[in-house]
Each structure stands twice: as C-alpha cells, then as structure tokens.
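Student: Here you go, one structure.
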C-alpha cells in the first residue's frame with residue numbers, strides 16, 4: 001500500500017461540490033487517510049489516478065462525463081492496484097451485480113453512517129471486499145436479468161432515446177429484427193409496453 005506520511009491515499013469523485021467538500025473533511029479528519037485528488041467528473045478519474053497513484057478511489061456512481069461503474073472498470077484496467085469503493089443512493093440489486101463485474105472492491109449506500117464509510121475505506125485498502133449488507137441480501141433474493149446480451153443492448157439504446165430504425169442501423173440489423181427483439185423484451189419483462197420495459201429494467205439495474 002502506498003502512503004503519504006503513513007496515510008492511505010484516496011481519490012474522491014463526487015459531482016456535488018458541497019458534498020465533495022464534506023466528504024473530504026470527513027476523510028481528512030482521520031489520521032490514517034489522505035485525499036490526494038478530488039474530481040467532479042467520471043472521465044477525469046483515470047487521468048487523476050494515474051497522476052496521483054491513490055490506494056483507494058471513492059467514486060459516486062452517478063457522475064457526468066462517465067458513470068462511476070464505467071470509470072471503475074476503466075480504472076481497474078489502467079491502474080489495477082488502486083481499489084475502488086462505490087457510493088450510491090440507488091440500492092438496486094442489479095447495480096451491485098454491475099459493480100462486481102466492474103471489479104469494484106466496495107459498494108455502500110450514501111446514507112450509511114460516516115463511521116461506516118471510514119471503515120469501508122480502510123477495509124478496501126487492506127484488500128477486503130465491502131458490500132452493504134441490505135443490498136447484498138436484496139441482490140441474493142432478486143431475479144437474474146432474463147434478457148439476452150443483445151436484448152439488453154437494444155433496450156439500453158432505446159432507453160437512451162434511439163428509435164428502432166436508429167438501433168437497426170447502429171447494430172447492422174434489419175428493422176423487423178429490432179422490432180421482434182423489442183416485442184420479446186416486453187414479453188420477458190411482463191411489461192405493458194417499451195417504456196414500461198425500460199422502467200422495469202432500469203429499476204432492476206439491468207440497464208444503466
């Protein structure tokens with residue numbers, strides 16, 4: 001573990017200025033923690049991490065420029081020795097699955113007590129995995145994503161505002177094939193329509 005004056009080096013990514021300042025104060029209050037970089041955008045995380053070489057990156061899941069989980073996966077690829085702790089206000093089971101797939105070391109809710117955040121940082125820095133117990137139980141009890149990879153991709157594009165013809169052109173599929181996929185998605189999710197399918201999949205964390 002790298003240290004600054006015997007302290008664990010941290011990078012903090014949070015786009016809300018007042019919250020970021022409060023978190024820096026909270027973390028810096030601990031004698032063994034040092035915030036060596038703070039950013040407000042997800043697409044700034046990797047460059048700052050490569051510059052400052054933190055031990056742990058504490059990342060808000062919802063950031064402009066690049067979402068926290070995508071940034072965490074990119075950080076794991078570029079600087080694997082830096083562990084990541086995700087902060088989220090969205091306690092969705094599917095989001096935890098995405099976090100684990102992104103090689104995240106810790107995942108806790110923003111409304112956790114300050115002491116829990118500090119403990120999570122220390123545990124992650126020491127090589128342990130930290131997951132909010134309520135979210136872990138919800139994930140254990142929740143169903144798996146019933147959609148195929150292709151169906152998930154198409155629904156994600158639809159959620160971003162692409163219409164069937166746009167999706168067909170982007171994925172080099174026929175318009176009829178895309179419509180068949182969308183019909184299958186609605187049926188698999190027991191949704192009323194495409195909009196309802198997007199809502200169901202988003203709440204489950206199956207699409208960003």
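Student: I'm trying to understand the selection: among the residues of segment 69-89, which are farther than 15 Å from residue 106 by Cα and in a strand (DSSP E or B)?
Tutor: Passing the criteria: none in range.
Student: Which one of these is farther than 21 Å from residue 108 by Cβ and at pLDDT below 95: 2, 47? Step through it out loud before you land on a result.
Tutor: Working: 47 fails: at pLDDT below 95.
From the options 2, 47, the qualifying one is 2.
Student: Shifting gears a bit: Has segment 61-68 got at least one residue that is assigned to a helix (DSSP H, G or I), over 15 Å from the mean Cα position of the chain (by Cα) and modelled with pLDDT under 95?
Tutor: So far as segment 61-68 goes, no, none of its residues is assigned to a helix (DSSP H, G or I), over 15 Å from the mean Cα position of the chain (by Cα) and modelled with pLDDT under 95.
Student: Right, something else. Report, by residue number, each residue of segment 151-165 that is free of Cβ contacts under 8 Å to residues at least 40 places away in the same chain and either surrounded by 15 or more Cβ atoms within 10 Å (Cβ to Cβ) or part of a loop (DSSP other than H, G, I, E, B) (or both).
Tutor: Matches in segment 151-165: 151, 153, 154, 157, 160, 161, 162, 163, 164.
Student: Now for a different question. How about segment 76-103: which of its residues are under 12 Å from the mean Cα position of the chain (by Cα) and at pLDDT 85 or above?
Tutor: Correct list: 84, 85, 86, 87.
The values are calculated or read from the model by the stated rules, or taken from the named source; none is laboratory data. All values derive from a computational prediction rather than experimental measurement. Counting neighbours? That spans all protein chains shown, and the Cβs are built from the backbone with ideal geometry, glycine included.
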